[in-house]
Amino acid sequence: MKLLVTSVGKVTGLLTVIIAVIAAVLNYFDDPEPIKYESMTEDVKTLEENFRQQNKSCFILGASGETGRLLLQELLDRNIFSKITLVGRRQLTFEGKAYENLVQEVVDFEKLDDYAAAFQGHDVGYCCLGTTRAKAGADGFIRVDHDYVLKSAELAKSGGCTQFHLESSRGADKNSNFLYLKVKGQVEADIEALGFDRYAIYRPGVLLVDRQESRPGEWMARKFFGAFSAVFSSSMSIPIPAVAKAMVSNTLLQPEQKTEILENKDIAALGKSSAK
Ligand SMILES: NC(=O)c1ccc[n+]([C@@H]2O[C@H](COP(=O)([O-])OP(=O)(O)OC[C@H]3O[C@@H](n4cnc5c(N)ncnc54)[C@H](OP(=O)(O)O)[C@@H]3O)[C@@H](O)[C@H]2O)c1
């Protein structure tokens with residue numbers, strides 16, 4: 001009996017130390033910035049109605065991806081645009097009345113200049129495009145996450161688009177030693193230089209999504225942060241519906257600055273406050 005009590009005590013002690021270490025690590029990496037988007041103060045329905053009346057159009061890059069498809073769903077549900085165009089490398093199939101007015105532009109991202117017309121006449125652009133180094137190699141990753149994204153933004157700007165919303169990543173930094181964060185930071189900066197009237201950068205942490213495609217590293221991170229983020233921190237991970245909701249809700253707001261960066265906590269706060 002005494003042995004059992006001692007063992008339980010040791011295990012509990014060890015668990016406490018492990019949890020304390022994890023908490024310290026998460027706190028260390030926590031966003032230093034306070035949350036900017038505590039809640040949507042204005043009435044969401046009124047904002048939506050005002051926006052709807054402006055008859056704006058938008059395009060989405062990456063609508064076949066995990067975030068992109070929820071973003072599309074959210075835009076359709078809230079019906080704030082008079083026209084939605086999907087720009088992608090393949091035709092997507094949808095069933096249901098909600099999708100019947102969608103426009104699809106299939107482009108060759110290696111020859112985007114030949115498809116400039118696909119980017120013309122949109123008011124707002126959303127980008128959820130991206131690949132991984134594991135899938136495309138280092139050069140392929142740069143090509144997609146930087147070159148395709150930047151070229152699309154350039155063509156959209158030339159075509160009259162005034163607002164661009166980019167799904168980037170937590171920790172994006174053009175001076176980083178890590179390829180992923182460096183490329184994300186570089187594309188953020190290069191798009192800013194294009195001078196959109198409004199430019200929103202979203203920097204989510206690990207996306208919490210049951211992805212069909214196998215990505216073991218991401219799976220482990222997802223399991224870890226999925227289990228611990230609710231307890232310790234909201235800056236490391238986020239469910240994708242929150243990202244999609246935040247991107248749409250933020251479109252309705254009038255930011256103080258031309259370029260705004262929404263860190264994971266901001267996205268979570270905005271995604272939650274605009275939840276129906
Ligand atoms: N995974 C994470 O935890 C995480 C965290 C923070 C930020 N992010 C970033 O958030 C963004 C969206 O992530 P996600 O996981 O929602 O995306 P995803 O599911 O991987 O979808 C990526 C999209 O990009 C398109 N795409 C990929 N390679 C392409 C290529 N070579 N040519 C043309 N289109 C291509 C895909 O089209 P197809 O369907 O045709 O392949 C798809 O629409 C990405 O930029 C990602 O880096 C991810």
| request: Run down Asn50, Asn55 and say which single residue is in a loop (DSSP other than H, G, I, E, B) and more than 16 Å from the ligand (Cβ to nearest atom). | output: Asn55
| remark: Filtering segment 102-117 down to residues that are in contact with a Phe, Trp or Tyr (Cβ under 8 Å, 6 or more places away or on another chain) and within 14 Å of the ligand (Cβ to nearest atom) yields Glu105, Val107, Asp108, Phe109, Leu112
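Condition check: in contact with a strand residue (DSSP E or B) (Cβ under 9 Å, 6 or more places away or on another chain), surrounded by 19 or more Cβ atoms within 10 Å (Cβ to Cβ), of a type in the set (Gly, Ala, Ser) and closer than 24 Å to Ile267 by Cα. Does Gly130 satisfy that?
Yes.
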| request: Check whether at least one residue in segment 133-144 is touching a strand residue (DSSP E or B) at 6+ places or on another chain (Cβ under 8 Å), at pLDDT 95 or above and within 14 Å of the ligand (Cβ to nearest atom), and report yes or no. | output: no
| field | Filtered residue count, segment 170-214, keeping only those that are closer than 15 Å to His146 by Cα, aromatic (Phe, Trp, Tyr) and within 12 Å of the ligand (Cβ to nearest atom) | value | 1
| message | I'd like the residue in segment 80-101 that is of a type in the set (A, V, I, L, M, F, W, C) and crowded, with 17+ Cβ neighbours inside 10 Å and, out of all such residues, is farthest from the ligand (Cβ to nearest atom). | response | Ile80
| Positions within segment 106-136 being free of Cβ contacts under 8 Å to residues at least 40 places away in the same chain and either among the β-branched types (Val, Ile, Thr) or not in a helix (DSSP H, G or I) (or both), in sequence order | Val106, Val107, Asp108, Thr131
| request: Check His165 against each of (1) more than 10 Å from the ligand (Cβ to nearest atom); (2) out of contact with any strand residue (DSSP E or B) (no Cβ under 6 Å at 6 or more places or on another chain) and name the one condition it does not meet. | output: (2)
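The values are calculated or read from the model by the stated rules, or taken from the named source; none is laboratory data. Quick caveat, the model's predicted, so the values are computed rather than measured. Note that we place each Cβ from the backbone using ideal geometry, even for glycine, and neighbour counts take in every protein chain shown.
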